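Before any comments, here is the structure.
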Number of protein chains: 2
Amino acid sequence: MTAGCGAQASTLGIMFVKQVSSLARFTPEKMGKSTVVQGGFLFAGLNSFEPGQEHAPHSHEGQDKLYLILEGSGMVQVGDRTERLSAGDAAFAPSGIVHSIRNPGPERLVVMAVLGPPPVK
Amino acid sequence: MTAGCGAQASTLGIMFVKQVSSLARFTPEKMGKSTVVQGGFLFAGLNSFEPGQEHAPHSHEGQDKLYLILEGSGMVQVGDRTERLSAGDAAFAPSGIVHSIRNPGPERLVVMAVLGPPPVK
């Protein structure tokens, strides 16, 4: 089986994930990243922010990103709009649209990011 | 702007969704469906189940699906495995792998399904 056919997740047996937010990994120097699922057509990971940490503005051509806030709250920018989102809220950054996230604190922030297609490794 | 470039969501201004689960739509006869975001490369919707309702086993070639349980709990099948998942849990159905969901009750079940690439309308 090869990359590009969804085989990674199948091969690794990662079909079910209990309490996704428990996969959060924090690092003191910058936003932490962890993988939830890696498919051939879809990738999901966690972005985990200590108070004060951010994911700087960036965009992806040919790739959409869905953010779902799992824990805490943060300032989410998509294009020219910024909103404070909390657990249970979502944001959508279509291909080519600048987006960023910042955790103003005081609590930790955990965000699930779903990307289609997956990032190129 | 045309389909296939993520323009729908941009055009419609659907960048932020407060409390995604509030978009759930239930119908007495079968699983209810609602759209969360529609992009050129990614689609997210809600599948909402009254007790006893199910999404029958099916698969998609060339498309991965991520399920995230938002409310309640249900029996989720992926391939030859079935697990009871609850709010905060996820399941991943890679391209070509049979999957289904059933709500044994007694509570309502709300599941976010993220598909990449989006379903063909």
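The values are calculated or read from the model by the stated rules, or taken from the named source; none is laboratory data. Quick caveat, the model's predicted, so the values are computed rather than measured. With ideal geometry, Cβ positions are generated from the backbone for all residues, glycine too; neighbour counts draw on all protein chains shown. Note: accessible area is taken over every heavy atom of the protein model, side chains too, but ligands, DNA and RNA are not part of it. Shrake-Rupley method; radii C 1.70, N 1.55, O 1.52, S 1.80 Å.
Just a few scattered comments:
- Residues located in the stretch A:79-121, provided they are closer than 26 Å to A:F41 by Cα, small (G, A, S), part of a strand (DSSP E or B) and within 12 Å of chain B (Cβ to nearest Cβ): A:A90, A:A91, A:A93, A:A113, A:G116
- Those residues of the stretch A:33-62 which are farther than 14 Å from A:V78 by Cα and in a loop (DSSP other than H, G, I, E, B), in sequence order: A:G39, A:G40, A:F41, A:L42, A:E50, A:P51, A:G52, A:Q53, A:E61, A:G62
- Leading residue by the ranking (farthest from the chain's Cα centre (by Cα)) among those in the stretch B:79-107 that are under 20 Å from B:K33 (Cα atoms), free of Cβ contacts under 8 Å to residues at least 40 places away in the same chain and buried (at least 22 other Cβ atoms within 10 Å of the Cβ): B:L85
- Single condition A:V114 does not satisfy, out of (1) under 17 Å from B:P118 (Cα atoms); (2) open to solvent by 20 Å² or more (accessible area, probe 1.4 Å); (3) β-branched (V, I, T): (2)
- Selected residue [free of Cβ contacts under 8 Å to residues at least 24 places away in the same chain and either more than 9 Å from chain B (Cβ to nearest Cβ) or in a strand (DSSP E or B) (or both)] from A:K30, A:K65: A:K30
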